[in-house]
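Engineer: Questions regarding the structure given below will be posed in turn.
We did not get these values from a lab; they are worked out from the coordinates using the rules stated. Every value quoted in this text rests on a predicted model; they were computed, and no experiment measured them. Every residue, glycine among them, receives a Cβ derived from its backbone with ideal geometry; neighbour counts consider all protein chains shown.
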Amino acid sequence: MKGTEAAWVCSMAENLVCEILTEMADIQLWKSPEPVEELQSRPMVGVCATIGGDYTIKMRFFAEKQLFYRLAKSMLGREPDDEDIQDYAMEFINVVCGRFISEIINETHIKARLMPVEYRVPTGEIPVEAESMQTMGLVSDGQEYATFSWTTMAIEDMVRRSRVNG
């Protein structure tokens, strides 16, 4: 993928994750000044999603547990339990997936059948994916760190296809 296209995807991803978290829970996020590798060594919990269809795209959002706690508490209006925290984390990644895919489709102007096929909450460390993933580091207004990642190959294929068909 050309540098300008990759930069657009990164900017779009950052903007939509930040916007969605603000809309859902009034939590502000910014790009973290910390290196991604350092953030990935922090204790975090997360959610992963796989989108299937004409392309397979994996996305994952990991954050310090307090960020997911604040998300659930804001959505519920009360103290959440662990199940609530997990449910709202999965709802958050569901919204992110839908918006991310819509933005890519709108930008590339290609027709593609894409649908969520799996959501999961991994336990333990951030999983290592065989596919190449782009990861960005984020920090919240409460100084909670997070990472958002997506597979790059499918996005590169979509952009390439749009150039051929465009």
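Engineer: Which helices pass in the chain if a helix is a full DSSP H run, must span at least 15 angstrom along its long axis by Cα, and must have mean Kyte-Doolittle hydropathy not below 0.5? Numbers along the way, then the final one.
Structural biologist: Working: long enough: 3-25 (33 Å, 0.67); 65-76 (16 Å, 0.00); 82-108 (39 Å, 0.00); 153-165 (18 Å, -0.48).
Correct list, ordered by number: 3-25.
Engineer: For a footprinting-style exposure proxy, rank 83, 34 by other Cβ within 10 Å, fewest first. All intermediate terms of the calculation are to be shown ahead of the outcome.
Structural biologist: On the way: 83 9, 34 13.
The order, fewest Cβ neighbours first, is 83, 34.
Engineer: Oh, and also: What is the list of residues in the stretch 134-166 whose amide nitrogen lies under 11 Å from a point 7 angstrom out from the Cα of residue 8, following Cα to Cβ?
Structural biologist: Correct set: 159-160, 162-163.
Engineer: Now for a separate question. Quickly work out the residue 42-to-residue 163 label distance, labels modelled 7 Å from Cα along the C-beta direction, and quote it in nm with one decimal.
Structural biologist: About 3.6 nm separates the two model spin labels.
Engineer: Sorted from fewest to most neighbouring beta carbons within 10 Å, what does the list 160, 60 look like?
Structural biologist: 160, 60
Engineer: Right, here's the next one. Could you please rank 31, 73, placing first whichever residue has the fewest other Cβ atoms within 10 Å of its Cβ?
Structural biologist: 31, 73
Engineer: Over the Cα atoms, compute the radius of gyration (one decimal) and Dmax (the largest Cα-Cα distance, rounded to a whole number) for the stretch 3-165, in Å.
Structural biologist: For the stretch 3-165, the Cα-based Rg and Dmax read 15.5, 52 Å.
Engineer: Follow-up. At residue 141 and residue 103, where each label point lies 7 Å from the Cα along Cα→Cβ, what is the point-to-point distance in nanometres?
Structural biologist: According to this spin-label approximation, the distance is 2.0 nm.
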